[in-house]
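For reference, the structure is listed below as structure tokens.
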Protein chains: 4
Amino acid sequence: MMVIMREGATDAQIEHVLKRIEDGGADVHVSRGQYRTVIGIIGDKEAIAELQLGAFDGVEEVIRILKPYKFVSKEFRHEPTMIKVGGVTIGEGFFNVMAGPCSVESAEQMMATAKAVKAAGGTVLRGGAFKPRTSPYSFQGMGVEGLQILAEARKEFGLPIVTELMDVRDLDVVVEYADIVQIGARNAQNFLLLKEVGMIDKPVLLKRGLGNTIEETLMAAEYIVKGGNTQIIICERGIRTFETYTRNTLDISAIPLIKQLSHLPVILDPSHAAGKRSLVEPLTLAGLAAGADGAIVEVHPDPENAMCDGPQSLTFEHFASLMGKVKKAAPAFDKVMGQVS
Amino acid sequence: MMVIMREGATDAQIEHVLKRIEDGGADVHVSRGQYRTVIGIIGDKEAIAELQLGAFDGVEEVIRILKPYKFVSKEFRHEPTMIKVGGVTIGEGFFNVMAGPCSVESAEQMMATAKAVKAAGGTVLRGGAFKPRTSPYSFQGMGVEGLQILAEARKEFGLPIVTELMDVRDLDVVVEYADIVQIGARNAQNFLLLKEVGMIDKPVLLKRGLGNTIEETLMAAEYIVKGGNTQIIICERGIRTFETYTRNTLDISAIPLIKQLSHLPVILDPSHAAGKRSLVEPLTLAGLAAGADGAIVEVHPDPENAMCDGPQSLTFEHFASLMGKVKKAAPAFDKVMGQVS
Amino acid sequence: MMVIMREGATDAQIEHVLKRIEDGGADVHVSRGQYRTVIGIIGDKEAIAELQLGAFDGVEEVIRILKPYKFVSKEFRHEPTMIKVGGVTIGEGFFNVMAGPCSVESAEQMMATAKAVKAAGGTVLRGGAFKPRTSPYSFQGMGVEGLQILAEARKEFGLPIVTELMDVRDLDVVVEYADIVQIGARNAQNFLLLKEVGMIDKPVLLKRGLGNTIEETLMAAEYIVKGGNTQIIICERGIRTFETYTRNTLDISAIPLIKQLSHLPVILDPSHAAGKRSLVEPLTLAGLAAGADGAIVEVHPDPENAMCDGPQSLTFEHFASLMGKVKKAAPAFDKVMGQVS
Amino acid sequence: MMVIMREGATDAQIEHVLKRIEDGGADVHVSRGQYRTVIGIIGDKEAIAELQLGAFDGVEEVIRILKPYKFVSKEFRHEPTMIKVGGVTIGEGFFNVMAGPCSVESAEQMMATAKAVKAAGGTVLRGGAFKPRTSPYSFQGMGVEGLQILAEARKEFGLPIVTELMDVRDLDVVVEYADIVQIGARNAQNFLLLKEVGMIDKPVLLKRGLGNTIEETLMAAEYIVKGGNTQIIICERGIRTFETYTRNTLDISAIPLIKQLSHLPVILDPSHAAGKRSLVEPLTLAGLAAGADGAIVEVHPDPENAMCDGPQSLTFEHFASLMGKVKKAAPAFDKVMGQVS
């Protein structure tokens, strides 16, 4: 950590900061420049990290040198984390496509979708049973009945399922049915939910929040790993920016960046980022090219009659066509298409 | 609602959209321009609102004409909502300052703070017992013990207390102790928490999420009102932008805008927006001038030794000075300083 | 155009708006809903487009239905624009890589770079002679001497050159030397410069501004086409967002979006978007996969001693490696690598 | 400057960086922590500032300690800059309101406006003769004729005039007529224009760019001061964010921040920030309360028939009412209303 004193900071102010750091048990190096004094703290212990040095008079800025996350970092674990779930291997070297509707609406819808997803080469079935909706007047999901329908589809087609957990009170039932538990973008900093899924033994699909930085996303993952669960897939799904042509702005750079910073698998959600069907294909391919380990795509048997996200949902035909292009391109990026064993 | 068809949309595509709307029970008006056909939907019922018209071939854009929220709107209720809590009246015409530390740390700290807040003219005491922290390694709050300390301070000084609820499982205990239940920025779209506080009989302080629009904030409030609880105070606390000099960018325009759109009281949180002590005073005054009904300010007996948010916390002396300026300026904006009766 | 009246707008207010539109020579359709009246304007002439209807009492919102640009739109010209310059064809079906240093620094530097760029398969040589720098204390470019060096490199290696025009007073000299005239991100809304390059007979590389929307970028292109110059290449180079790990956030969606909205070629600038060498390769490949017609990449013989943008510049070796991957991946996206004939 | 080496950086990489710095003529202090080595550079000379240390292998991050601007900083000049123009004093302690239409449209319009502005207490007359417009199909201003009309209005009513310079080729004529030369938001990083107005002897009103940080805005001002012109007024006018209810997001914090960082006067433009008439008053008052030295407000005799910015323009009546509130509030913030002597 570095403490940069303001121009004109007094000796007494500098001494006061130094004393606080030394009381905290760390050594310091003081560099007095022509204009400013800079205090370097050696031994960046946790106790020091929490010091409120920015609150001291005469302090201009406090600069952290060590990353605030540990267990999710590449420095902590050099080998990429590989996640095995229901016969599918997710992580470095593979490209897995998770697909399905925004919401589970009926058994027929899910059976038809699961069949189409599997036929086209998708390896994980998605579907929301509990839906976070901006409007209280929108469909809020089928709940447990939706989970049961997902389980039936899994039984029939052998695809593991990913579904969202919104409420700690639903933890047991979601864990009972899901193969991968999704934490949605709006709960990306719901720290108690993160703590809870840190204690389960199922993989977690963690979406980046719309207003969260890459570092905050890694900190959210750190919450989960700290609880003991290292099976995390991070998902880039677009951030809030001034551009309004797309629902969100897919931060494609986040994919290689997180792969450089962390050992965790990273996928993208082109459907929620774009909010427009016509962009799902180019964004999925861009994700593949940027090094993503997979994508999660909204597919619906009849988007016009979907209960949500119709405009960005692909038909089965579109999805099959997309998968054809993904398969064609994967080898150029040394990616093997995921498979259900 | 308006449906704008793409240039070159076919007659069959247009007919298909029309049929869907008419099946939904609404009337349409079709306007065929030289380049584009526009379909106006008359009778914007809820069933229609949920139609996935953007998913239809040939549709370029769907434009909503009615606002998506109802109960929180000024059209629904013209009279401003006034909230009475523990002898304090919050809303139009008054300026109430809520103050206290980021976290409850000890009885001594809270007693000293409550005394200073009251002496300076603050009317509500803030203090976090459950803390949402970006890092799992940061102090997470004292929990129920913190609530008990807050209650003692209230008993001694007569100030109602506002404290954050993060976990539905803590609902009963937080409601038992708090006078105003705070929903923090990171839970601004935690819809289940919003539903729960919609069913309590205590006022709710709802913070705008860092990545949420004004409309989404009003939708979050709508979740609460729909549950039956109309006692909501909306709090602007800064949004995420590219500017890095401040922790967040205080969206000062949100204050008059929400006051124009809704009957609910609006306050600002200058401390979290700025992240810098030196900005708290000018931002509080700006909020007052822009029409806010109050502010919530971080105050600590010893910011250098605070467990969180030290750099943006005011000392008692700073706070008293700020309150002096607020009191001096309030009459110019036809605001009466809030009081504890 | 649609005018949405406020709830509670009076008949007089509605009549007043109607009269204004009719005086402007357009027909209207009035739709009186339960809550709001909506006025549709038929015959969206230019005169109407400039009416200040938002200034009328009782008007809530004015919604434009036609796109504000015309000549750059796909509706105006269905065939993709192909640009031929110095033996190179840029546009649909091809992937051209433009490469070179941030600034022209010396003849040796440019000769070495041109050789390496050509050897690796780059088809256009970039290099700044006039540099827009945030700081007045930074190197501002070699000026005309830089242009002369670029011309020598072109003569020697046969690569057409792209270089930035900042000042209308330099128009003649830049046009004299450049094969493609670049308008930089900071001049993306320098309308007079746009007008000037609208009158030259050289292709223009138009960068999106850091704070500009896709629509504004197309409007900037419209300024150029309106002047008579239809040879425009649009370049996505990242926008300003709250994410700070990257210099800017590459808006990858802009690439397929602009290709859907316009007939103009679109390329990306991964170097300025990322600001980090390690991201240049994945972003270039992502651009290719998303449908870009090329990329413009910073390459320097000795990035450690570059006069600007060292951290994001590739060495010759890195660049050759990147080009190898691009060539390997291009066929999967039905792209042919550009060539100098 | 501090150079933070990557975890695992080799001794050779560290030595290589050290050598480069020492070759540049600066001293270093090396701090080897458990995980990372940090190199502090003592003697932060300009030559060092331009070193591309981020391009060196093993370097994780380069942190600047000194501010990149000098002449505009409070450290350079402690006394606030006061600008005297046409009998008006602008700067610390005063609140001056500049007002007038978006565009000069006719002599009648300007005469009527100047009269109303003066009567209400405005001290500077604004009006655009050269207009930067997003669309090439929009009105582009009256040009020199507009300047002549402004001059007539000045002659009649004694108000100094502020008008925008877009094109270096118009420098002489704009300087001839204007009392204050405005650099618009879209030219905030048009560095050559900044250099030119750095050499004139008229005050410059510098607007912050929509996508520019506070630091970049101060760097833009530094360009002007470096040329010799210290008479600069900085104007906050809103930045691009994800919020769409307002045209831009007024960054109110920028006002006290720039006043803390710089000796230059700061005003706000509530009209362009808001894009909505109903917000102009609360934002102007908020700016006053936050410490602004004035505001620039759009006023038009007939907003419904304005040639641009009608929706955000105030009528004379509105403006007089706003000025009444400003005058009432100013003393509470120790501000004296500006006057034309």
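The values are calculated or read from the model by the stated rules, or taken from the named source; none is laboratory data. Bear in mind that the values here come from a model prediction, so they are computed numbers and not experimental data. In this analysis, Cβ positions are derived from the backbone assuming ideal geometry, glycine residues included, and neighbour counts consider all displayed protein chains.
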Problem set entry | Residues satisfying the stated conditions in segment A:183-236, i.e. of a type in the set (D, E, K, R) and within 13 Å of the chain's Cα centre (by Cα) | A:ARG186, A:LYS207, A:ARG208, A:GLU215, A:GLU216, A:GLU222, A:GLU236
For this session: Please go through segment B:53-91 and pick out each residue that is at pLDDT 95 or above and of a type in the set (Asp, Glu).
Result: B:GLU79
Exercise. Quick check: anything in segment D:287-300 at the interface with chain C (Cβ under 10 Å from one of its Cβ atoms) and not aliphatic (A, V, I, L, M)?
Worked result: yes
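Tell me, yes or no, whether segment B:92-99 has at least one residue that is at pLDDT below 90 and either among the basic types (Lys, Arg) or in the same structural domain as B:LYS325 (by TED's automatic domain parsing) (or both).
No: segment B:92-99 contains no residue that is at pLDDT below 90 and either among the basic types (Lys, Arg) or in the same structural domain as B:LYS325 (by TED's automatic domain parsing) (or both).
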Exercise. For D:LEU125, are the conditions met, namely being under 30 Å from D:ALA289 (Cα atoms) and in a loop (DSSP other than H, G, I, E, B)?
Worked result: no
Seminar exercise, completed: If we ask which residues in segment A:282-305 are assigned to a helix (DSSP H, G or I) and surrounded by 23 or more Cβ atoms within 10 Å (Cβ to Cβ), their number turns out to be 10
Exercise. Name the residues in segment A:245-256 that are under 20 Å from A:ASP309 (Cα atoms) and within 7 Å of chain C (Cβ to nearest Cβ), would you?
Worked result: A:TYR245, A:THR246, A:THR249, A:LEU250
Problem set entry | Any chance D:MET82 is without any contact (Cβ under 8 Å) to a residue 60 or more places away in the chain, in contact with a Phe, Trp or Tyr (Cβ under 9 Å, 6 or more places away or on another chain) and of a type in the set (A, V, I, L, M) | no
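Checking the structure you have, find out if any residue of segment D:259-273 is in a helix (DSSP H, G or I), in contact (Cβ under 8 Å) with a residue 12 or more places away in the chain, within 19 Å of D:LEU210 (Cα to Cα) and touching an Asp or Glu at 6+ places or on another chain (Cβ under 6 Å). Show your work before the answer.
The initial filter retains those residues of segment D:259-273 that are in a helix (DSSP H, G or I), namely D:259-261, D:270-273.
Narrowing the set further to residues that are in contact (Cβ under 8 Å) with a residue 12 or more places away in the chain leaves D:259-261, D:270-273.
Then keep just the ones that are within 19 Å of D:LEU210 (Cα to Cα); that gives D:270-273.
Adding the requirement that they be touching an Asp or Glu at 6+ places or on another chain (Cβ under 6 Å) leaves D:271.
Looking for residues that are in a helix (DSSP H, G or I), in contact (Cβ under 8 Å) with a residue 12 or more places away in the chain, within 19 Å of D:LEU210 (Cα to Cα) and touching an Asp or Glu at 6+ places or on another chain (Cβ under 6 Å), one finds at least one in segment D:259-273, hence yes.
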For this session: Test B:GLU243 against the stated conditions and say whether it is at pLDDT 95 or above, assigned to a helix (DSSP H, G or I) and more than 18 Å from the chain's Cα centre (by Cα).
Result: no
Exercise. Restricting attention to segment A:261-275, does a residue exist that is within 13 Å of chain B (Cβ to nearest Cβ) and of a type outside the set (Ser, Thr, Tyr)?
Worked result: yes
Exercise. Do you know which of the residues in segment B:165-215 that are within 13 Å of chain A (Cβ to nearest Cβ), charged (D, E, K, R) and part of a loop (DSSP other than H, G, I, E, B) is nearest to A:ASN212 (Cα to Cα)?
Worked result: B:ARG208
Exercise. Is it the case that B:PHE319 is among the aromatic types (Phe, Trp, Tyr), more than 14 Å from chain A (Cβ to nearest Cβ), touching a residue at least 24 places away in the same chain (Cβ under 8 Å) and surrounded by fewer than 24 Cβ atoms within 10 Å (Cβ to Cβ)?
Worked result: no
For this session: Within segment A:128-147, track down each residue that is of a type outside the set (Gly, Ala, Ser) and either surrounded by fewer than 22 Cβ atoms within 10 Å (Cβ to Cβ) or at pLDDT below 95 (or both).
Result: A:LYS131, A:PRO132, A:ARG133, A:THR134, A:PRO136, A:TYR137, A:PHE139, A:GLN140, A:MET142, A:VAL144, A:GLU145
For this session: Name, by its number, the condition in (1) within 11 Å of chain B (Cβ to nearest Cβ); (2) touching a residue at least 40 places away in the same chain (Cβ under 8 Å); (3) surrounded by 24 or more Cβ atoms within 10 Å (Cβ to Cβ); (4) not charged (D, E, K, R) that does not hold for A:ILE224.
Result: (2)
Seminar exercise, completed: Out of (1) more than 14 Å from chain C (Cβ to nearest Cβ); (2) not in a loop (DSSP other than H, G, I, E, B), the one D:LEU279 does not meet is (1)
For this session: Restrict the check to segment D:232-242 and report whether at least one residue is of a type in the set (Val, Ile, Thr), within 13 Å of chain C (Cβ to nearest Cβ) and farther than 24 Å from B:ALA329 by Cβ.
Result: yes
Exercise. Do any residues in segment A:103-127 that are surrounded by fewer than 24 Cβ atoms within 10 Å (Cβ to Cβ) have Cβ atoms under 9 Å from those of residues that are basic (Lys, Arg) and part of a helix (DSSP H, G or I), where the two are at least six apart or on different chains, and which pairs are they?
Worked result: A:GLY121/A:LYS327
Seminar exercise, completed: Apart from one, (1) touching a helix residue (DSSP H, G or I) at 6+ places or on another chain (Cβ under 6 Å); (2) farther than 15 Å from D:PRO160 by Cβ; (3) modelled with pLDDT of 95 or more all hold for D:LEU125; the odd one out is (2)
Seminar exercise, completed: segment A:1-120: strands (runs of 3 or more DSSP E) wholly inside it with 2 or more residues that are over 30 Å from A:ALA290 (Cα atoms) and either out of contact with any strand residue (DSSP E or B) (no Cβ under 9 Å at 6 or more places or on another chain) or within 14 Å of another protein chain (Cβ to nearest Cβ) (or both) are A:2-5, A:27-32, A:37-42, A:59-63
For this session: Scan segment A:131-164 for residues that are free of Cβ contacts under 8 Å to residues at least 40 places away in the same chain and part of a loop (DSSP other than H, G, I, E, B) and jot them down.
Result: A:THR134, A:SER135, A:PRO136, A:TYR137, A:GLN140, A:GLY141, A:MET142, A:GLY143
Exercise. Failed condition for C:GLU75, given (1) in contact with an Asp or Glu (Cβ under 8 Å, 6 or more places away or on another chain); (2) without any contact (Cβ under 8 Å) to a residue 24 or more places away in the chain; (3) in the same structural domain as C:GLU22 (by TED's automatic domain parsing), with all others met?
Worked result: (3)
Exercise. If C:GLU304 satisfies every condition in (1) of a type in the set (Asp, Glu); (2) at pLDDT 95 or above; (3) touching a helix residue (DSSP H, G or I) at 6+ places or on another chain (Cβ under 7 Å) but one, which is the exception?
Worked result: (2)
